[in-house]
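**Q** Take a look at this one; I'll ask things after.
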Amino acid sequence: MKKIILLVIASIFILGCNSKEEKQNIKDKPITDLSIYNLPEKWTNQDGKDIELKDLRGKVLVMVMIYTSCKSACPRLVADMRNIESKIPEEYKDKVQMVLVSIDPTVDTPERLKDFSIENKMTGNQWVFLRSNEENTREFAAVLAVNYKKISPIDFSHSNIISVFNAEGELAFQQEGLGVSYDKTVSKIKEEAEKVE
Amino acid sequence: MEAQFIKRFHYCLILLFWVSISFSQVSEDMVTIGAGSYVPLYGTADKKTVYIKSFLLDVYPVTNQEYLEFLKTNSAYRKSKIKRLFANTTYLYEWSGDLNFGKLNPNAPVTNVSWFAAKEYCECQGKRLATLDEWEYVAMADEKRKDARSREEFNKYILSWYEKNKTYNNSVGKTFKNYWGVYDMHGLVWEWTFDFNSIFLSGESRKDKDTDKDLFCGSGSVNATDLMNYAAFMRYAFRGSIKANYTTKNLGFRCAKNISN
């Protein structure tokens, strides 16, 4: 009898495979079709706190995908992020969130991300470091059109893309490549931050 | 009171029967792919061997009819409901309605589906998309060999399919059954893989040595290895060119599953 009950429960689960549908928003306005806040995944930040992407809603996001043990491209990407941040006018600073997402969740624990943020002097409130599991990371990269692949136990190859999202979580601009001018990125951030009340 | 209990018990039995049928169908539609290792043609920086753990793979790509069944219980993935983040405007392009695949062949592979939709479908069946390395591992088998990549006829077969039009509306299971018991890895549609976005053929990765330059320049004679490289290059280049919300009519999918102990 117990087995039957278990099977009945299991079959309910099979039938009810639409749990992801129609989540209610915490904030008033519905999430738009192109918003990354449609992604339901949970992330952990550098303080070990669990967050959903939605928690970032309402701010302009500047995002990049990195891994902390990276020796070649990432330091430059991180430097780019810092430079971009320094170009944001004071009046917009609290409307912009700088987000670094790890593509190496096994190595990049919250502690490691915390250390990395300290080493790189990215400890202010404007900096968020995120990690999740491999699957969510792959999905998030798919949304950002970031390609990455583990090519050895400690190394990844990955696209060098910095993305700007508006307050609704819609992709507003992408800067591709290393050592490119970030003037456009900065002006887009200002433009989007202007719209934030 | 007792009659009611018996009635309930019967319902349970019927449900049990139904559940066991649906479970057995799942296992019949999948085959075990044995563990092994191989050197992929592209994707690793230094031609390293990739190890594949044993896993289960769908025998056929997911069909229009099967996809329709999925949409019945997953309204968020219907043509009129899906969010643009998850699929572009050509999603289920030839379907005439949310629950109607129009003139398409019910047994043909569902195409014009995005990576997000494919992934969701598989997760709903308790499955997942195959990784790129797993997919290529299975795709290198012909009828008799695990690795037929160096066979000239095999490569010619694949390349001649690339030239054919509209194979996407053919029924599944009409191409050859490979060594593992899997159909349609070549000859029907191209397929999404979980980590399709791990490809670097655009010159982004400096470590990527297999660029098109190596493939197209200076080869005087075309031998089996060239054909083999070319066929794989086409697949990898295609994967490298698509984004997760893209949908095209020659791109479908099938699901994989871990083997639980």
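FYI, it's all coordinate maths here, none of it is from the lab. Since this is a predicted model, take the numbers as computed values, not measurements. Positions of Cβ are generated from backbone atoms using ideal geometry, with glycine treated the same way; all protein chains shown enter the neighbour counts.
**Q** Could you list which residues have their amide H under 5 Å from that of B:Gly252, counting only those 5 or more apart in sequence or on another chain, with H placed in the peptide plane?
**A** So B:Gly252 has HN proximity to B:Trp190, B:Glu191, B:Trp192.
**Q** Rounded to whole Hz and in sequence order, give me ³J(HN,Hα) for the range B:78-91 from the Karplus expression 6.51 cos²θ - 1.76 cosθ + 1.60, θ = phi - 60°, writing x for Gly and Pro.
**A** Using θ = phi - 60°, the values come out as 6, 3, 7, 9, 4, 6, 4, 4, 9, 6, 7, 5, 8, 4 Hz.
**Q** Continuing with the same structure: When the helix-only estimate is applied to chain A (DSSP H runs of n ≥ 4, each -39,500 (n - 2.57), divided by the residue count), what is the mean residue ellipticity at 222 nm, nearest 500 deg cm²/dmol?
**A** That comes out to -10000 deg cm²/dmol.
**Q** Output the relative contact order of the range B:33-258, whole-number percent, from Cα pairs under 8 angstrom with separation of 6+ residues.
**A** Once normalised by length, the contact order is 32 percent.
**Q** Each residue of the range B:249-257 in order: what ³J(HN,Hα) in whole Hz does its phi give by Karplus 6.51 cos²θ - 1.76 cosθ + 1.60, θ = phi - 60°, with x for Gly and Pro?
**A** With the stated coefficients, the range B:249-257 comes to 7, 10, 10, x, 6, 9, 10, 10, 7 Hz.
**Q** Restrict the search to the range A:90-162; then list the trypsin sites (Lys or Arg not before Pro) that DSSP places in a loop and that have at most 13 other Cβ atoms within 10 Å of their Cβ.
**A** Within the range A:90-162, the qualifying trypsin sites (Lys or Arg not before Pro) (loop, at most 13 other Cβ atoms within 10 Å) are A:Lys121.
**Q** How fast does chain A diffuse by Stokes-Einstein, in µm²/s, taking the Kirkwood radius from C-alpha pairs at 20 °C and 1.002 mPa s?
**A** D, rounded to a whole number, is 119 µm²/s.
**Q** From Cα pairs below 8 angstrom and at least 6 apart in sequence, can you work out the relative contact order of the range B:52-169, rounded to a whole percent?
**A** Reported as a whole number, the value is 25 percent.
**Q** With angles folded into 0 to 90 degrees, how steeply does helix A:73-87 sit against the dominant principal axis of chain A? Use alpha carbons for both and round to 10.
**A** It is inclined by approximately 70 degrees.
**Q** Another question, if that's okay. Obtain the nm distance between the two label points defined at A:Lys93 and B:Ser96 by a simple spin-label model: each point lies 7 Å from its Cα along the Cα-to-C-beta direction.
**A** Between A:Lys93 and B:Ser96, the simple spin-label model gives 6.2 nm.
**Q** Separate question: Residues with amide H under 5 Å of A:Ala172's amide H, sequence separation 5 or more or different chain, H placed in the peptide plane at 1.01 Å from N; which?
**A** Under 5 Å from the amide H of A:Ala172: A:Val164, A:Phe165, A:Asn166.
**Q** Let me ask you something else. Among A:Ile189, A:Ile154, A:Ala141, whose Cα sits farthest toward the positive end of the charge dipole of chain A (+1 at Cβ of Lys/Arg, -1 at Cβ of Asp/Glu, about the Cα centre)?
**A** Value: A:Ile154.
**Q** Among bridges DSSP assigns within the range A:42-192, what percent are antiparallel (round to 5)?
**A** Rounded to the nearest five, the antiparallel share is 60 percent.
**Q** Please work out the FRET efficiency for the pair B:Tyr51 and B:Glu123, using the Cβ-Cβ distance as r and a Förster radius of 22 Å; give the result to the nearest 0.05.
**A** That gives a FRET efficiency of 0.35.
**Q** B:Asp29's amide H: which non-local residues (gap 5+, or another chain) put their own amide H closer than 5 Å, with H modeled 1.01 Å from N in plane and none for Pro or chain starts?
**A** none
**Q** How far, in degrees from 0 to 90, does helix A:110-119 lean away from the longest principal axis of the Cα atoms of chain A, to the nearest 10?
**A** 0
**Q** Give me the one-decimal nm value for the distance between modelled label points at B:Glu143 and A:Glu119, 7 Å along each residue's Cα-to-Cβ direction.
**A** 5.7
**Q** Taking the Cα centre of the range A:42-192 as origin and charging only Cβ (+1 Lys, Arg; -1 Asp, Glu), how large is the dipole, in debye to the nearest 20?
**A** The dipole of the range A:42-192 has a size of about 220 debye.
**Q** Can you pull the one-decimal nm distance between simple spin-label points at A:Thr32 and A:Ser181, each 7 Å off the Cα toward Cβ?
**A** Once both label points are built, they end up 2.7 nm from each other.
**Q** I'd like the Kirkwood hydrodynamic radius of the range B:33-258, using the inverse of the mean 1/r over distinct C-alpha pairs, in Å.
**A** Computed over the range B:33-258, the radius equals 18.1 Å.
**Q** Would you mind checking the pairs B:Lys53/B:Lys156; B:Lys166/B:Lys243; B:Lys48/B:Lys257; A:Lys42/A:Lys95; A:Lys150/B:Lys166; A:Lys59/B:Lys127 and listing those with alpha carbons more than 27 angstrom apart?
**A** Those over the limit are B:Lys53/B:Lys156; A:Lys150/B:Lys166; A:Lys59/B:Lys127.
**Q** Which of the aspartates and glutamates could a cross-linker bridge to A:Lys71, judged by Cα under 13 Å and excluding same-chain residues fewer than eight apart?
**A** Within the straight-line cut-off, A:Lys71 pairs with A:Asp155.
**Q** Tabulate in residue order the Karplus-calculated ³J(HN,Hα) for the range A:52-60, using 6.51 cos²θ - 1.76 cosθ + 1.60 with θ = phi - 60°, rounded to whole Hz; enter x for Gly and Pro.
**A** 9, 3, 3, 4, 8, 4, x, 10, 6
**Q** Over the range A:42-192, calculate the relative contact order: mean separation of alpha carbon pairs under 8 Å at least 6 apart, over the residue count, as a percent.
**A** 32
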